[in-house]
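The values are calculated or read from the model by the stated rules, or taken from the named source; none is laboratory data. Keep in mind the model is a prediction, meaning the values are calculated, not measured. Methodologically, a virtual Cβ is constructed for each residue, glycine included, from the backbone with ideal geometry; neighbour enumeration extends over all protein chains shown. Ligands, DNA and RNA are stripped out before the accessible areas are found, and what is left, the full protein with its side chains, is counted by its heavy atoms. Shrake-Rupley method; radii C 1.70, N 1.55, O 1.52, S 1.80 Å.
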Amino acid sequence: MDKKDIIILGIESSCDDTSAAVIRNGVLLSNVTASQAVHEAYGGVVPELASRAHQQNVVPVVDQALKRAGVKKEELTAVAFTRGPGLMGSLLVGVSFAKGFARSLGIPMIDVNHLQGHVLAHFIKENEEDEDQPSFPFLCLLVSGGNSQIILVKAYNDMEVIGQTIDDAAGEAIDKCSKVMGLGYPGGPIIDKLARMGNPLAYTFAKPHIGGYDYSFSGLKTSFLYSLRDWLKDDPEFIEHHKEDLAASLEYTIVDILMKKLRQAAKDTGIKQVAVAGGVSANNGLRNAFREHAARYGWKIFIPKFSYTTDNAAMIGITGYFKYQDGDFCKIDQPAYSRVTLK
């Protein structure tokens, strides 16, 4: 190992995925994730079950990440971990492990804001020659089950939320509409798959009219629910007969809402570098909309690999790598936090 090497272990445990990654000098060596299938039966993440699963998974996941990277724990430079936001029980498992592990090795700890990690996933290098990263400033649309934000990224440690949801997030709306249709959980991948086979213009649903760059998805969710209720009165098998068109129309409406505000932000700021991040960035309709906007408006777009859209430790590791270079470390007594926004 070169003396100048910076080797970061990243740990992510904000929700229901236990993940560990090793990054050396900004290049990803390993990224291991253990998902929890136990929540499917409940139609959503059960916090108590999630934290227990993290306790079972965190040691083997870290062990595998180190082995796949070919790195001994004594070679680590620092441990980066998700401090928040997220489910408190889940966070506490990762935070507690990171503190104990770093203390036992006598190396620094680096706390990472989960949302900042999603944005900086675009800077993960898979090899030394990988140079396909945004340059500052750029806009990032962060969309997940818990967040829908437009972020002006001026530097890795200087991000301004210029628009965000005032109620439900886009991913939450998709999951709830999927649940109403009886399609299962998580709803995102199910709706995405059905939407590829449906007509996006088959049905129209309410769109919000709020100023600025902020979003609202509660009205759309209500409109979808009431429309479905009326259609089911006439045809009890309506969902089964039209689920592809329903999924496609729902996806089309949500993507249209997201892109309209992002388009306005790009026009007002004059920024042509535009990225997307978060769990909903795996949605094919949204990814296609980004490609269409790139062709139409001359944007240079950045769409993450599918493995970086969901919660993963690689994004925590790369954020930790940047913070390490600034000497931005975390004290042992810093607690986890469940709710916070980017500053």
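Just one of the listed residues (D168, D235) is modelled with pLDDT under 95, of a type in the set (D, E, K, R) and out of contact with any Gly (no Cβ under 8 Å at 6 or more places or on another chain), namely D168. What are the pairs with Cβ atoms under 6 angstrom where one residue, in segment 21-46, is basic (K, R) and the other, located anywhere, is modelled with pLDDT of 70 or more and open to solvent by 20 Å² or more (accessible area, probe 1.4 Å)? Sequence gap at least six, or different chains. Pairs that qualify, where the first residue is basic (K, R) and the partner is modelled with pLDDT of 70 or more and open to solvent by 20 Å² or more (accessible area, probe 1.4 Å), are R24/D5. Just to be sure before I move on: is K261 touching a residue at least 40 places away in the same chain (Cβ under 8 Å), assigned to a helix (DSSP H, G or I) and open to solvent by less than 50 Å² (accessible area, probe 1.4 Å) in the structure I sent? Yes, satisfied.
Among residues of segment 61-89 that are under 24 Å from K4 (Cα atoms), those with a beta-carbon under 6 Å from a residue that is open to solvent by less than 60 Å² (accessible area, probe 1.4 Å) and polar (S, T, N, Q) at least six positions away or on a different chain give the pairs A65/S30; R68/S30; A69/S30.
Annotation: of all residues in segment 289-326 being of a type outside the set (S, T, N, Q), in contact with an Asp or Glu (Cβ under 9 Å, 6 or more places away or on another chain) and assigned to a loop (DSSP other than H, G, I, E, B), the one that is modelled with the highest pLDDT is K305. Within segment 123-135, is there a residue that is within 17 Å of the chain's Cα centre (by Cα) and at pLDDT below 95? No, segment 123-135 has no match at all.
One line per residue, one yes/no per condition, for (1) in contact with a Phe, Trp or Tyr (Cβ under 9 Å, 6 or more places away or on another chain); (2) closer than 28 Å to N312 by Cβ; (3) among the charged types (D, E, K, R):
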position: F205; (1), (2), (3): yes, no, no
position: F217; (1), (2), (3): no, yes, no
position: F238; (1), (2), (3): yes, no, no
position: H241; (1), (2), (3): no, no, no
position: D268; (1), (2), (3): yes, no, yes
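Just one of the listed residues (K221, K260) is among the basic types (K, R) and within 16 Å of L141 (Cα to Cα), and it is K260. Among the residues of segment 192-249, those identified as assigned to a loop (DSSP other than H, G, I, E, B) and among the hydroxyl-bearing types (S, T, Y) are Y203, T204, Y213, S216.
If the condition is being open to solvent by less than 10 Å² (accessible area, probe 1.4 Å) and touching a Lys or Arg at 6+ places or on another chain (Cβ under 9 Å), then segment 244-258 contributes A247, A248, T253. For segment 102-136, filtering for residues that are more than 19 Å from P85 (Cα to Cα) and either part of a strand (DSSP E or B) or open to solvent by 50 Å² or more (accessible area, probe 1.4 Å) (or both) leaves 12. Of all the numbered requirements in (1) of a type in the set (A, V, I, L, M); (2) in contact (Cβ under 8 Å) with a residue 40 or more places away in the chain; (3) assigned to a helix (DSSP H, G or I), L139 misses one, and that requirement is (3). Just so you know, in segment 160-177 the residues that are in a helix (DSSP H, G or I) and in contact (Cβ under 8 Å) with a residue 60 or more places away in the chain include one that is most open to solvent (accessible area, probe 1.4 Å), and it is D175. Of all the numbered requirements in (1) more than 17 Å from K179 (Cβ to Cβ); (2) in a helix (DSSP H, G or I); (3) of a type in the set (A, V, I, L, M), V276 misses one, and that requirement is (2). Given the structure, is N157 open to solvent by 30 Å² or more (accessible area, probe 1.4 Å) and touching a residue at least 40 places away in the same chain (Cβ under 8 Å)? So N157 passes the test.
Taken across segment 62-77, residues that are closer than 30 Å to K300 by Cα, of a type in the set (V, I, T) and not in a helix (DSSP H, G or I) do not occur at all. It is to be established whether one or more residues within segment 273-283 are surrounded by fewer than 17 Cβ atoms within 10 Å (Cβ to Cβ), over 21 Å from L194 (Cβ atoms) and modelled with pLDDT of 95 or more. So far as segment 273-283 goes, no, none of its residues is surrounded by fewer than 17 Cβ atoms within 10 Å (Cβ to Cβ), over 21 Å from L194 (Cβ atoms) and modelled with pLDDT of 95 or more.
Of the residues P304, P335, the single one that is farther than 19 Å from E131 by Cα and in contact (Cβ under 8 Å) with a residue 24 or more places away in the chain is P335.
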